[in-house]
Amino acid sequence: MKPPPFDYIAATSVEDAVALLTDERDSRILAGGQSLLPILNLRLGSPELLIDIGRIDELGTIELSDHHLQIGAAVTQQSVLDDAGVGRRWPLLTDALRHIGHAQIRNRGTVCGSLAHNDPQAELPAVAMALGAEVVARSANGSRRVAADELFTGPFSTSLAPDELLVSVEFPAQPSGWAFQEFAVRPGDFALAGVACAFDPIHSAARVVMFGSSGCPMQATAVEEALLAGAGAGDLEQAAAATVESLDATGDIHASAASRRTLMTKLLIEAASQAHQRARTETDR
Amino acid sequence: MTTDRVTTDRVTTETKVELSINGRRHVVGVEPRHTLGDVLREQLGLTGTHLGCEHGVCGACTVLVDGEPTRSCLVFAVQMDQTEITTIEGLAAADGTLHPVQEAFSACHGLQCGFCTPGFVLTAVHLLATNPAPDRATIRRELSGNLCRCTGYVGIISAVERAAVERAAVERAAVERAVTNAAAVAASAADEPSSPRH
């Protein structure tokens, strides 16, 4: 189908974009558009105004040091994936990016757009939670930082106010233990289940986040504890089974809720073991 | 549009965009809701770009935007101002000689009904531009964003493989010719009396 009519304005700066967000019309930010255009084409949504932030130069930058990575709202997934510095220091993010759609999608789709959209099957919200990322939200009244844990509130919903623009996401240094696991029927399909895991044995910190099987990315606290306790095979299995028991898994034409739970159990165990293994290899060096 | 809701004078109902398509400059008036695919087909008559699912699943509408494969159903033409676009019409030579990738699709039965073919060919052209010698698994993975309901994909994978092999052969032949020519030039230069250089 074709999109319903709307007005379109290409914002020239962040100030311009946030001023436009105070417009009385029902407005949406257009960045890469790889989730928004399907919604419009299928007429699942009919905003009155699209504010295009794709041509705002200041949003198009990746800034990185050893301990800090900042990605602007207009940066595409592919350009982060192609960045060798990101690949060296944030392999969890790079690995997750490879699983997003196909090259045709990643060439346009943005990292920040994926966070703001919060599709339950999307990889990046889970990665943001696993790595303890923060986003910067700007409105005409100023700017605030929102931790990933506070950002994702439900399927396709975030704690961003309607007049706020997610201008960038910031990742702290990635710990040595990490894993990204996802199961999709074909490469590039939406995940039926997935796990992002970050494990820092030095500071005794572990984050295991599930996505794809329920409405919102969720921490698997029992698995995190098992990982911190040494990741014994029996402990991990028990923790994964307990976690998945309370998981409100989706059942649809792609997979039943039971299949998703089975997949998630397996991915949790694999991800935690892999993260533990990587952390050990790193420490042994 | 009701005037009481308008809060800015920059409201766009129709706007002019400048697109360079297959090397030719076009200035077209578009509505914001027109996708690139719609504009290519309906305003510019470039009907080689096929719109299948129109929500980013089938890949049939893939074109190259500034060299990168892009789904033309998932970008608005207004976003494409000042970009360079290659469609399937831009691949063959002016005299109608097919692009080597097109030729390989024909030779390997990489198409049947042809609906998905433009998207596949353009994705493959980009793949070979960035990875000149992909193996079959890589080809399969890189083309996974394009769906074909006729061929079963085997002919398509073979076509891309063949295009890569043939391109390598052409390049090898060119190098060999250059080496032979250089050797001949060197040999004849050695025979001639040296002349002062300026």
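Some points to look at:
- Cβ-based exposure ranking for A:2, B:16, A:266, in which fewest neighbours within 10 Å come first: B:16, A:2, A:266
- The average projected area of region A:57-172, computed from the convex hull of its Cα atoms over all directions, is 6.8 nm².
- Low-density loop positions, GluC sites (Glu not before Pro), region A:1-94 - DSSP coil, at most 14 other Cβ in 10 Å: A:24
- Note on B:55-62: average number of Cβ atoms from other chains within 10 Å of each residue's Cβ is 4.
- The convex hull around the C-alpha trace of region B:13-90, projected and averaged over every direction, spans 4.3 square nanometres.
- Taking only the alpha carbons of region A:7-52, we obtain Rg and Dmax values of 10.6, 31 Å in that order.
- Volume per residue for chain A equals 125 cubic angstrom (convex hull of Cα atoms).
- Bins of 5 Å from zero: percent of alpha-carbon pairs in region A:116-181: 4, 17, 28, 24, 15, 8, 3, 1
- When Rg and the Kirkwood radius Rh are both evaluated on Cα atoms of the protein assembly as shown, their ratio Rg/Rh stands at 1.04.
- The spacing between region A:28-75 and region B:134-152, judged by their C-alpha centroids, is 29 Å.
- For region B:125-156, the residues whose amide N sits under 15 Å from a probe point set 7 Å from the Cα of residue B:84 along the beta carbon direction are B:126, B:129-130.
- Mean residue ellipticity (222 nm) of chain B, computed from DSSP H runs ≥ 4 via -39,500 (n - 2.57), nearest 500: -11500 deg cm²/dmol
- Working note: 222 nm ellipticity from helices only, DSSP H runs with n ≥ 4, each -39,500 (n - 2.57), summed and divided by the residues of chain A, gives -10000 deg cm²/dmol to the nearest 500.
- Burial ordering of A:6, A:183, fewest other beta-carbon atoms within 10 Å first: A:183, A:6
- Cα-Cα separations in region A:177-284 greater than 25 Å, expressed as whole percent: 18 percent
- For a label point 7 Å along the Cα-to-beta-carbon line of residue B:66, residues of region A:86-126 with backbone N under 13 Å: A:107-109
- Remark: mean inter-chain Cβ contacts per residue of A:116-122 equal 0, using a 10 Å Cβ-Cβ cutoff to other protein chain atoms.
FYI, it's all coordinate maths here, none of it is from the lab. Keep in mind that this is a model prediction, so the values were computed, not measured. Cβ sites come from the backbone with ideal geometry, for glycine too, and all protein chains shown count toward neighbours.
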